[in-house]
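The structure under discussion appears below in the form of structure tokens.
Since every read-out is calculated from the coordinates, none of them should be taken as a lab result. Predicted model only: the values in this text are computed from it and were never measured. Every residue, glycine as well, gets a Cβ built from its backbone with ideal geometry; the counts of neighbours run over all protein chains shown.
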Amino acid sequence: MLLEGLHIPLTTPFHPDGRLNARKLTANVARYSKTPASGLIVLGPSGEPTLLSDDETREALRVAAEAAAPEKVLIAGISRDSVHATLELANFAAELDCDAILVSVPSFVSPESGSSRLDLDHRPVPLSKRWLVELLTFFQTVADRSPLPVILLNAPGRTIPLSVARKASSHPNIIGLCGTGHSVEVQSAVISSLLQHTANTKREVTVTSTFAAVTSRMKRSASQAVTPLISTAALTGSSTTAIAEPPALRTRMKTVGFQIISAHAPRLLDALNLGAVGIAPAFAACAPQASYEVFAAWKDDDQALVEEKQTRLRDAAQFVETLGPSGLKFACDLSGYFGGPARLPHLPPTGEQRAELQRLMQPLRN
């Protein structure tokens, strides 16, 4: 699966009483489908996935899959603490014709860095070899049995140790990594190391004649039976039925390597210049056009324009992303998407924070 371009991490709408708001999720996905984004990420870190039950997770995935335009790559965040539970959701995502799954570090093994964690007295403790082996086993076993390609998720608080990411990236069903770190040093180290380690990894993916991704839902639509257009009996008296031939899905193959997606809005340009092929900042949920313009300018190799686009969204993105789901959802409301309340225990932004969000989002609303 081709992962180039902007992938919008969806927020998860809730009713004021905390119930999943499927109608607003449908409306958001339908509107995001009209943007130039390449794909949508359902239940990524900004979608509050750990606050949903398994039934709500399945419902959110189903609603998004039904509402998304066929040409949008659909990535399902389905990570659970056990291999068994993760694979159950992977199979469900495959039934919905999702295109890939997003898998993160299990919650019971979540060090603060890729090389050490803190003990109860906040002293660094080297990660045990057993822990590293267990984590690698988790990723590899999921990838072995998953019907969909796996994208590793490097999320805040659930950082994948670089040594594990390097080994996992060699698996034929692990096609990429989303999230590369917030600092320049960490981001540079992660991208450079993974691309160097996977330099000889080459995969053939199906793309359209214009080199866009071909999704599972596009293939399903193209394979559906033709439908009658008009009966020739009404025109000629013949018993033959004329049919409408659907437009053929013209495809070609493209060779790609291990694909990296940057998820930190203030450093999208840095990641793209280092070798990332896609972007998926949480900020894109409230400013999809502004986020896409960074990628588009970079793709056109217009360095002056891409730096201008990156600078334009940097302050707003940094402030929104530091406030978590509540701030992001308020920014979505400002841009005409349904954000609504975050689920408890997330608290809404303060009046001062709302005023600052309104000021920062004013030139970016779309």
Could you tell me whether the range 124-205 comes out rounded, prolate or oblate from its Cα gyration tensor? Rule is a ≥ b ≥ c as square roots of the eigenvalues, rounded for a/c under 1.5, then prolate if a/b exceeds b/c, otherwise oblate. oblate
Using 0.36 nm times the number of residues separating residue 34 and residue 252, minus their current alpha carbon distance, what extension gain do you get? 76.0 nm
Pull up all non-local amide H partners of residue 14: gap of 5 or more, or a different chain, and H-to-H distance under 5 Å with H placed in the peptide plane. 21
On full extension of the chain, what length is gained from residue 15 through residue 66, given 0.36 nm per residue of separation minus the C-alpha to C-alpha distance? 16.3 nm
What value does the range 296-356 have for Rg/Rh, both radii from Cα atoms and Rh as Kirkwood defines it? 1.12
State the antiparallel share, in %, of DSSP beta bridges confined to the chain, rounding to the nearest 5. 40
Here the range 291-300 yields Karplus 3J(HN,Hα) values (6.51, -1.76, 1.60; θ = phi - 60°; whole Hz; Gly and Pro given as x) of 5, 5, 5, 5, 5, 4, 5, 5, 4, 7
First obtain the Kirkwood hydrodynamic radius of the chain from its Cα pairs, then insert it into the Stokes-Einstein equation at 10 °C and 1.306 mPa s, and state the resulting D in µm² per second as a whole number. 74
Given H placed 1.01 Å from N in the peptide plane, which residues other than close sequence neighbours of residue 259 have an amide H under 5 Å from its amide H? 176, 177
To the nearest 20 Debye, how big is the dipole of the chain about its Cα centre, given +1 on the beta carbon of each Lys and Arg and -1 on that of each Asp and Glu? 420
Could you list 185, 356 in order of exposure, starting from the residue whose Cβ has the fewest other Cβ atoms within 10 Å? 185, 356
For residue 160, enumerate residues with amide H under 5 Å from its amide H, sequence gap 5+ or separate chain, H modeled in the peptide plane. 155
In deg cm²/dmol, rounded to the nearest 500, the helical mean residue ellipticity at 222 nm of the chain, built from -39500 (n - 2.57) for every DSSP H run of length 4 or more, is -12500 deg cm²/dmol
Can you tell me, using C-alpha contacts under 8 Å and at least 6 residues apart, the relative contact order of the chain as a whole percent? 18
If we count other beta carbons within 10 Å of each Cβ, what is the order of 142, 133, fewest first? 133, 142
Whole angstrom only: what separates the Cα centroid of the range 332-349 from the Cα centroid of the range 148-209? 31
Let me know the longest stretch in the chain that avoids all chymotrypsin sites (Phe, Trp or Tyr not before Pro) found in a DSSP loop with at most 13 other C-beta atoms within 10 Å. 212-366
